[in-house]
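Asks: After the structure tokens below, expect a handful of questions from me.
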Amino acid sequence: MRILIVEDEEALATGLQFNFEQEGYRVTVAADGKSALEAFQQADPAFDLVILDLMLPGMSGYETCRSIRSMNQQIPVLVLSARTLSQDKALAFDAGSDQYMTKPFALPELLSRVRNLIERHSKPQSDTDATNTVMLESFQFGDRIHIDFSRFQIDVRGKTFDLTTKELQLLRYLVTHEGLVVSRAQIMEDVWEESVDLTTRTIDNFVLRLRRYIEPDPANPQHILSVRGTGYRFVSEFTSHNRLS
């Protein structure tokens, strides 16, 4: 398994490289975003995971993450940053990261998260996932909205959008629980599965991103409905009776 570590603090990068190599990973270290993108493009075989700092010289970690996502929608990206504010985490998730850890960190936790992210990404899809959610191949609803889960894409009235892994997992979760109210706590447990630096605000940000894809008017959603004080409910066909809040 190959890991790309993007970290400009030399001592930390060297320590991470040593520890991951002791675990059997092949590690490449880049000290800035430009070098990271060059390594990412040239990697053969491709990397299995990226560990990304946000405060990098030249190109920020946010820009680097967005560029990586433009090349590969599925590769797990774990942000490892000294930034602790909720807006920093929200921006990182918006850029396409899968998980966020703050510095200082516990090495065993980092190793565990990396292992779990790679295992889940490389695991062949079965008929159901760990939460017994039906693994749909595709789903069509509303006004010419078609989700291709196998290709990580959604076609909305002739315009195609690429989904990140977490966007896809959240959308699949909502679709397969159509008509049911799912709480933010349920989503955190079932979609993110393990303890991460995650808040309910992060869930709301992901929902906002999905609404921008599928809703004609994201401010007045017809498919991903808010349930005040609880969570969300997905409906494929909207009527005035569907709205609960």
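Asks: Is it the case that the range 25-37 has a residue that's more than 21 Å from Leu168 (Cβ to Cβ), crowded, with 18+ Cβ neighbours inside 10 Å, in contact with a Ser or Thr (Cβ under 7 Å, 6 or more places away or on another chain) and not aliphatic (A, V, I, L, M)?
Replies: The answer is yes; a qualifying residue exists.
Asks: With Ala90, Ala43 as the choices, which residue is outside the structural domain of Ile154 (by TED's automatic domain parsing), surrounded by fewer than 16 Cβ atoms within 10 Å (Cβ to Cβ) and touching a Ser or Thr at 6+ places or on another chain (Cβ under 8 Å)?
Replies: Ala43
Asks: In addition: Scan (1) modelled with pLDDT under 95; (2) buried (at least 16 other Cβ atoms within 10 Å of the Cβ); (3) out of contact with any strand residue (DSSP E or B) (no Cβ under 6 Å at 6 or more places or on another chain) for the single condition Ser97 breaks and write down its number.
Replies: The failed condition is (3).
Asks: Please work out which residue is nearest to Val235 (Cα to Cα), limiting yourself to the range 142-152 and to residues that are at pLDDT below 90 and of a type outside the set (Lys, Arg).
Replies: Among those residues, the one meeting the criterion is Gly142.
Asks: Let me ask something else about it. Inside the range 46-62, can you point out the residues that are buried (at least 19 other Cβ atoms within 10 Å of the Cβ), under 21 Å from Gln87 (Cα atoms) and of a type outside the set (A, V, I, L, M, F, W, C)?
Replies: Asp53, Gly61, Tyr62
Asks: What strands (runs of 3 or more DSSP E) lie completely within the range 2-65 and have 1 or more residues being in contact (Cβ under 8 Å) with a residue 60 or more places away in the chain?
Replies: Hits in the range 2-65: 2-6, 49-52.
Asks: Okay, next question. Within the range 173-188, can one find any residue that is of a type outside the set (A, V, I, L, M, F, W, C) and under 12 Å from the mean Cα position of the chain (by Cα)?
Replies: no
Asks: Name every residue in the range 75-98 that is without any contact (Cβ under 8 Å) to a residue 60 or more places away in the chain and part of a helix (DSSP H, G or I), in order of residue number.
Replies: Result: Gln87, Asp88, Leu91, Ala92, Ala95.
Asks: I need the full set of residues from the range 145-184 which are part of a strand (DSSP E or B), in contact (Cβ under 8 Å) with a residue 24 or more places away in the chain and over 16 Å from Ser70 (Cβ atoms), in order please.
Replies: Ile145, Ile147, Ile154, Val156, Val181, Val182, Ser183
The values are calculated or read from the model by the stated rules, or taken from the named source; none is laboratory data. Remember, predicted model here, so these are calculated numbers, not experimental data. We place every Cβ from the backbone using ideal geometry, glycine too, and count neighbours over all the protein chains shown.
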